[in-house]
Structures are given as structure tokens and as C-alpha cells.
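Chemist: Below is the structure I would like to discuss, written out as C-alpha cells.
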Amino acid sequence: MKQFLTAAMFFVCAGTASAQTPGSLDALKTKPEQTNFEETSRYQEVVDFMNAVTKAAPKKVFITTFGETNEKRALPLAVVGAPAATPAAVRGTGKLRVYIQGNIHGGEVEGKESAQILLRELAQGKHEDWLKTMVFLIAPIYNADGNERFALNNRGRQHGPMGGQGQRPNAQGLDLNRDHMKLDSPEARAVVKLMNDYDPHVSMDLHTTNGTRHAYFLTYAPPLNPATDPAIIDLLRREWFPWVTKTIRDKYNWDYYYYGNIEGGGRRGGPPAERAWKSFDSRPRFNNNYIGLRNRIAVLSEAFAYASFKDRIVATSRFVEENLNFVNANAPRIRKIVTDADARPLVGTRLGLRSQLAKGETVEILMGEVAEEKHSTDGHVMELRKDARKPARMAEWGTFEATETERVPARYYIPAHLTAAIEKVRAHGVHTTTLTKALKTAVEEFQISASRTEEREFQGHKERTLEGVWTAGERELPAGTIQVDLKQPLGRLAFYLVEPRSDDGLVDWNFLDDSLVEGTKVFPIVRSKN
Ligand SMILES: [Zn+2]
């Protein structure tokens, strides 16, 4: 194995300059394809590949960037199905806009490779029917800095790529898939700007698993926050995922299912708890949950870590392909669901602010088996999926229920001096206005009964929790006060950001700490009911 790897590497080094000749898309290979799936691509190789595809299909594929990493790597974005790589050109097509993102976790490289293959296939004209209904925004290497920090064992016991892969966090040590609300990284700010500029109707975020040895080649998740527009969840859970899952099983005899991990069952000598299949988290710091709160369709995919590297790429490509087939066949409905979600009146309704996993029905989960193998270079133990499917019945905890809801107000009033909070709200694309003269008005004020921060730091923060109640009051609001009207397309997101009890908002991430010093009795942001 080692000798083969060396030969492959030599071939690549010698061949890089001439391998990517314009005009020959068929000859254009990704790094894994060039190396018999021993290696994954570096940042420059991804950029070179994308440029080569663009050069070979100049009227079809357009390339731009959508931001910069901490280490000043430009984030490449390919556009297919529009006359240019600009937000105006993309929106001007009137087609469904589909965003495909790889590598949010720098070591989870399958989406990065699969996205490059998809780009080549689109350029080759393999999916001409899709281009009638969709315009594609393809970002293979979102966490570019994390990708470049290669190590052989960055992904624990995962089976390859044998040449190693990048690390999970970005160059700041931040997990980009916990940064969608606080936007502490240039990468998260860039992707939220992309959401604001291009406004994709559908987003796919491509990952690789870390946990349970199940038998699925890939697991997936819709938005999980209970405050998500219900029609989006219904479509994904009742039609979209069942259709994709069945299609892949019928075509390839591969099983896919909702993302989960096994819990309980008395593992590791613990108490004999009931075995369960449990999903992960509902908070919008996660990509899928965040996009859901923006009233857009999000699909999270997780290739199975212990399948071979090649199978993980194939599993991701098959998943992406069938998702796109579903979108293509249902384009008018998908557009309507998104448009309706934007227009749905929220003011006066109750939305969740905190939630917990809910116990669902007993389902059959396919458990798998793995075989251990040693890495040929450093000898670390890897696991390789065996072709075993062992059905096990257990409770599914796949959805979240709100443990606390709050009535959506008509608007919030943010004092002008709370600049960190105001900038954050605006960075998300939430529309704000400014009071041009003082306003005496009935408001609701949040009376704080308790305020505490976590002892443990998480992602550079000690998350804060406020307790209290909203009471009726009256205020003279000075000119310059920032108003956030909840009757806007991003109303759900604005609510989740600003409400003081939110488990993922401005309070939680310390953006209001200066106004919440010990002894503070009233939350600095007030709201009006109507
Ligand atoms: Zn991941």
C-alpha cells in the first residue's frame, strides 16, 4: 500500500502542470481521482481545478469569491446556470438558487471532492435538465484554512484518505458550524453575506460523521429548530428525504437515514439505559438550523466515516444528485414554500426559544460492523466498514420540541449605543430602521430575575442565560433608536437573535454583556406588542 501511495504521489507531482489542460473536461481529475483515492485536495488544487473547469467551459461556468479566511485565502465560488457570477445575474435568472458547500469542518473532505465532481459534470453537460430549473452556487472549500492543516490522524479512526486531511476548526480554533449566530469568524460572516446577496432557496452542507458504527453510507438532517417554518419541515420529512432515501436504495442498494447516534443500551459499563437513536442539536449556531430560521431549505449530509474514502465521496455524490433530482422535479412547489414562509405572519404567534429532543416512535436502525486496520505510514488504527446490516429496534429521538415559547412582538427597540448588537443583527441581513425623532410609546420591558454565565468557555465565550418576565410599561425612546420590525422575511431569525431568553441569541453570546452588569434589573432592549 505504501509503495502504491508513493508512486501515485510522484505521478501527481510530475503531472500537475499538464494534467489540467483547458478544453478537456474528461481529463480533468480531482485529487482523489488522480491518486486512487489515497489523497484529498489542498486549497490550491481546488482553486486550480475550479479555474480549469471554468477555462474549459467558459460560457457555462463562472468563478468568483465570497470572502476571505483568517489567513487571507479567498473563498472560491463557482456559478453554473447564470450568465455571470454576480448576485444580480444569479437572481436575474428567476430559477431556484441552490448552494452546495463542502468542508465546513476542514477534515471532512468528501463534500469538497464531491462538489468538484459535480462542477465538472455540470460543465460537461451531464445535467442539462437541472439547468432549466436551477442555478448552482458551489463552494467546495469553505473552511479553507482548516483544510490546509493536514495530519494523518486528524480524523481519529476514520479510514483514509491515507495522505491525511485537514482539521475541524478554522485558523482561530473556531468550529464554523457553531458560528452562524455569533459570526465571530470571517468565514461565517462571508457565508451569511452570501446568503444575503444570493439568497439560495436550497442549501446543502456536506459533512462526514464521527460517531456510531451504523450501516448507513450517509445520514442527513433537515433544520431541527422548532421555530422553523412548518411547511419547510413537512416537505423535507414527508416527501423529500423519503424519496431520496428510497431512490438511492432502489438504485444502489445503499441505506441512508436521518443523522443520529446510538445512546444508552448500557454501553461502557454505564447504567442500563434504554437504547435510542438520537439526533444532535436544534440551535441555529448550526448551519442547517440557521438556514431553516431564514425560511430557506437546508439539507445536512454526513458521509459515514468508516466507509472507504472512495465510498464516502460516492455516497455524498449520490445524495447530492438525488436531492437535486427532487428539487428539479418539484421546483415550483419549493419556490412557493419558501415564498410563503417569508410572507407568513409571525407577530402575535408563539415561537420556541429553547428546546429539547423529543422521544418519537420505535424504529428499525441498521447497525453495522467495522474491521480494524493499521495506517501504513504511522500505524494508527483505522476502521473500515464491513458489509453488514444488523437491524435493531429502538426509540428514535429525531425531532426537537420547544421547552419554552414566547409571543412574537411587532418590533424591538435597540438603544443606539448597543453597537455590537446592532452590527450583529444587521450582519445577518435583518432589516432595521432608525427613529428620526423621539417616540413616547407603550412598550414591554423584560424584568431580569437572574443572570448567569457558564463556567466553561465554549468557542471563546461564556454563554449567558437571563431569566425574567416581560411586563407592560411606557418609554420615551430617543431619536436614533434602532427599530427591528418582525414583519419581515427574516422575522424568525430576528426574534431568535434578540429575545433575551433565546438559547442562541445576542444575550447568549455575550454581545449585551456591557449592559447586563451585576445588578441590572431591566433588559436594555424593549419591544412593542403591536
Ligand atoms: Zn462536520
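Chemist: Take the Cβ-Cβ distance between residue 410 and residue 86 as r, set R0 to 41 Å, and report the resulting FRET efficiency rounded to the nearest 0.05.
Modeler: Here the calculated transfer efficiency is 0.70.
Chemist: Tell me which GluC sites (Glu not before Pro) from the stretch 35-71 have a DSSP coil assignment and no more than 11 other beta carbons within 10 Å of their own.
Modeler: Sites meeting the loop and neighbour criteria: none at all.
Chemist: How long is the gain from residue 252 to residue 514 if the chain were fully straight, where each residue apart is worth 0.36 nm and the alpha carbon distance is subtracted?
Modeler: Numbers: separation 262, 0.36 × 262 = 94.32 nm, distance 5.64 nm.
Between residue 252 and residue 514, full extension yields an extra 88.7 nm.
Chemist: Would you list, by chain and number, the aspartates and glutamates whose Cα falls below 18 Å from the Cα of residue 29, excluding same-chain residues fewer than 8 positions away?
Modeler: Cα-Cα hits under 18 Å: 38, 39, 45, 48, 110, 113, 121, 311.
Chemist: Percent of alpha carbon pairs in the stretch 407-528 separated by more than 22 Å? Show your work: numbers first, answer last.
Modeler: Working: 2254 of 7381 pairs.
Here the long-distance tail beyond 22 Å is 31 percent of all Cα pairs in the stretch 407-528.
Chemist: Here's a follow-up. Between the stretch 505-528 and the stretch 202-235, how many Å separate their Cα centres?
Modeler: 33 Å
Chemist: Could you tell me the ratio Rg/Rh of the stretch 187-304? Both radii from Cα atoms, Rh via Kirkwood.
Modeler: When Rh is taken as the Kirkwood radius, the ratio is 1.02.
Chemist: What's the FRET efficiency of residue 521 with residue 377 using the Cβ-Cβ distance as r and R₀ = 60 Å, to the nearest 0.05?
Modeler: It comes out at approximately 0.45.
Chemist: Please work out the FRET efficiency for the pair residue 74 and residue 196, using the Cβ-Cβ distance as r and a Förster radius of 30 Å; give the result to the nearest 0.05.
Modeler: Working: r = 19 Å, r/R0 = 0.62.
So, using R0 = 30 Å, E works out to roughly 0.95.
Chemist: What number results when the radius of gyration of the stretch 224-373, computed over Cα atoms, is divided by 2.2 N^0.38 Å?
Modeler: Ratio of Rg to 2.2 N^0.38 Å for the stretch 224-373: 1.20.
Chemist: Would you calculate the separation in nanometres between label points at residue 336 and residue 471, each defined as 7 Å from the Cα along the Cα-to-beta-carbon direction?
Modeler: With each label placed 7 Å out from Cα toward Cβ, I get 4.9 nm.
Chemist: Continuing with this model, one more query. What fraction, in whole percent, of alpha-carbon pairs in the stretch 149-253 exceed 15 Å separation? Walk me through the numbers on the way to the answer.
Modeler: Values: 4155 of 5460 pairs.
Tail of P(r) above 15 Å: 76 percent of Cα pairs.
Chemist: Points 7 angstrom from Cα along the Cβ direction at residue 487 and residue 234: gap in nanometres?
Modeler: 2.4 nm
Chemist: Between residue 529 and residue 210, what is 0.36 nm times their sequence separation minus the Cα-Cα distance? Round to one decimal in nm.
Modeler: Extra length from residue 529 to residue 210 when fully extended: 110.4 nm.
Chemist: Mean separation of Cα pairs under 8 Å and 6+ residues apart, divided by the residue count of the stretch 407-528: what relative contact order is that in percent?
Modeler: 40 percent
Chemist: How large is the convex hull of the Cα atoms of the chain per residue, expressed in Å³ as a whole number?
Modeler: Values: hull volume 81.6 nm³, N = 530.
That works out to 154 Å³ per residue.
Chemist: Label points 7 Å out from Cα along the Cβ direction at residue 362 and residue 388: separation in nm?
Modeler: With each label placed 7 Å out from Cα toward Cβ, I get 2.4 nm.
Chemist: Of the listed pairs 182/278; 112/310; 31/251; 437/529; 72/193, which have alpha-carbon separations greater than 22 Å here?
Modeler: In this structure, 182/278; 31/251 exceed 22 Å between Cα atoms.
None of the figures in this text is laboratory data; all of them are computed from the coordinates on show. All of these numbers come straight from a predicted model, not from anything done at the bench. Methodologically, a virtual Cβ is constructed for each residue, glycine included, from the backbone with ideal geometry; neighbour enumeration extends over all protein chains shown.
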